[in-house]
């Protein structure tokens, strides 16, 4: 394999891995923009999306093999239902944990989401036990070969789904009244409320939207990387790094951050050592936090005040 | 109730949910409850026994019921509990004192975490005062536990494969004199056994040439039941030789299990004249291996050797197929569980790996000494777990617990005697092999206990040695 095709292969792999980070990061950004909360249960939406989809489409023993879920739905229907169910879970999270804590500081709310992460992980362990699960690839068939590098159909699905979600979000935020209302909340909640926008409804919507994006992300990667009850942690962390790379406020930034992180990791693992794969993500995080902190200090304000609204 | 109160209530209830979830017993196929023995009226002719009930023989088992290695830990736990159930239903173990002793198997979950394994081992040794320690599922946890067993002088049987569990490693950087060859500088994980294989020498001769190195061949109190990585690598090398493959790439997990498997590979492949063109690593729990596989693809090897357990091994296999490799993929015995096939699905077809005989028990020739024991174990295990899939890991635990049951029956529960009994086990027909322990061999299984297995249409198929080149 020539260096050129090897580089191209790293690029393909990096973009595929990065697309997932981008989707998780998008979830972070949507909630953060509207409510100021960093939702550390974001990765768990992906985990839940994948495991619910598996349960709906294949015979799965659940709850300690007490029940056997035998719905056997066709994959597309299972995916749609799973995304709807996880969106509902996002709404439940908002109503049960975030809404009642209205008026609490942002830091408290963030801590609540960490609690929610553990709750989701624990419930998933009870429901699906500790085994990892896989899904069939969406379309069977050989991979594409471009200059000696391989791009599989599932990779195309991952990249395609990310692109479609990004486009849909763009249209939603830019072209619909509801989307504009969400953005108004993000820019200035008080002013938005004075304009008659229901900030609570917008916060609920942001949770539902992020949950749906997260679920979709989890579902598209499961055919090649599998999903277990504890996969959410790792996804949240990588997605968080990607969101920070993109500035935490911009959807485009989140996607660029995710893709860059995926490419850094893959190229680093390929050319330096696979042992540094995860270290790269966190070195990037530290570097960015350090730079942003010094910029913030120079501006005479801390990032926290900005975030705290 | 103001907002802050509500927040508090929510936070507390979330915490509760999290705690409850964390403490929830790991999913168990409900073991068949031990039937209460019919209460017998005290026999009037005999005076009540002067001594209390005969002491219970206690085995402490640490396995990974949750976490990355749960596909190992769950069948291990179930096999151990199954034997306890069988023994106690039969009245217990008849000790050397002629009394029937109940058997208690205490299982602790280490959640695939080394620190938790040590904590669990300490709890079993100090609080439960077990008579023998067993586990863990993984090599890193077993190595850490072995140190505790040595300190407490309680015999331990590990269910993990790394030779470093029973053979203490030389300190990295130690310069070892090799008779008739240049000096060798030891790197991490190397043992006398490894050096003996690498240089075709005897352990005793190497030790004699290096009187300053105060490391023994074995840890006196520690044994293990899974096959060593050396015979596993040896079967793999036989396969590559039969296929005429001279250059292979390796992808291994970066922990004690992977290290040991890779050391076995390096020693045995060198002997067989097979070059290892890439020695790539990944971290335990990794999901994406495409970067490493891409690098390997660039080197054009004739085959790929993987050192991994089921979850990671399956992801590697799926991504290996995704990247369009056209070379054979050979795993080690870490993937001998149905979970591997369930995860990798059609991509598992064509995967080869050396493993103990339990997976292909029904296709073995009747003359095989293990066949009867294997078939009985499979039947009992399926009945006990309500049809859970068979894996080799449950067999490792079965061997360990049965060794303990045998030795308790022979010598009672005194630690030093049980240890001597373990070391003296000869011709012990188990699931992982026929064991012949000795003072320098605390595994006791030879290459003959392994077979090469191929996955075809989601089933394990036995590949006889004369068919290697066609597979």
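Data overview
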quantity: Verdict on residue A:108 being farther than 28 Å from residue A:134 by Cβ and either assigned to a helix (DSSP H, G or I) or more than 10 Å from chain B (Cβ to nearest Cβ) (or both); calculated: yes
quantity: Hey, residue B:54 at pLDDT below 95, touching a strand residue (DSSP E or B) at 6+ places or on another chain (Cβ under 7 Å) and over 28 Å from residue B:312 (Cβ atoms) or not; calculated: yes
quantity: Condition check for residue B:426: in contact with a helix residue (DSSP H, G or I) (Cβ under 6 Å, 6 or more places away or on another chain), surrounded by fewer than 17 Cβ atoms within 10 Å (Cβ to Cβ) and either outside any helix (DSSP H, G or I) or not assigned by TED's automatic domain parsing to the domain that holds residue B:341 (or both); calculated: no
quantity: All strands (runs of 3 or more DSSP E) inside the stretch B:202-297 with 1 or more residues being surrounded by fewer than 21 Cβ atoms within 10 Å (Cβ to Cβ), more than 12 Å from chain A (Cβ to nearest Cβ) and within 26 Å of the chain's Cα centre (by Cα); calculated: B:275-282
quantity: Qualifying residue in the stretch A:163-181 (condition: farther than 30 Å from residue A:5 by Cα, outside any loop (DSSP other than H, G, I, E, B) and within 14 Å of chain B (Cβ to nearest Cβ)); calculated: no
quantity: Scope the stretch A:250-272; condition within 11 Å of another protein chain (Cβ to nearest Cβ) and surrounded by 24 or more Cβ atoms within 10 Å (Cβ to Cβ); matching residues; calculated: A:262, A:265, A:266, A:269, A:270
quantity: Unmet requirement for residue A:116, which otherwise passes all of (1) under 19 Å from the mean Cα position of the chain (by Cα); (2) surrounded by 13 or more Cβ atoms within 10 Å (Cβ to Cβ); (3) in a helix (DSSP H, G or I); (4) more than 9 Å from chain B (Cβ to nearest Cβ); calculated: (4)
quantity: Residue B:317 buried (at least 24 other Cβ atoms within 10 Å of the Cβ) and at pLDDT 90 or above; calculated: yes
quantity: Residues of the stretch A:133-150 satisfying the condition of being modelled with pLDDT of 85 or more and either out of contact with any helix residue (DSSP H, G or I) (no Cβ under 9 Å at 6 or more places or on another chain) or facing chain B (nearest Cβ under 10 Å) (or both); calculated: A:133, A:134, A:135, A:136, A:137
quantity: Matching entry among A:48, A:84 (being more than 10 Å from chain B (Cβ to nearest Cβ) and crowded, with 24+ Cβ neighbours inside 10 Å); calculated: A:48
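Residues checked against (1) under 16 Å from residue A:46 (Cα atoms); (2) in contact (Cβ under 8 Å) with a residue 60 or more places away in the chain; (3) at the interface with chain B (Cβ under 9 Å from one of its Cβ atoms):
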position	(1), (2), (3)
A:90	yes, yes, no
A:94	no, yes, no
A:122	yes, no, yes
A:129	no, yes, yes
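The values are calculated or read from the model by the stated rules, or taken from the named source; none is laboratory data. Bear in mind that the values here come from a model prediction, so they are computed numbers and not experimental data. Here the Cβ is made from the backbone with ideal geometry for all residues, glycine too, and neighbour counts use every protein chain on show.
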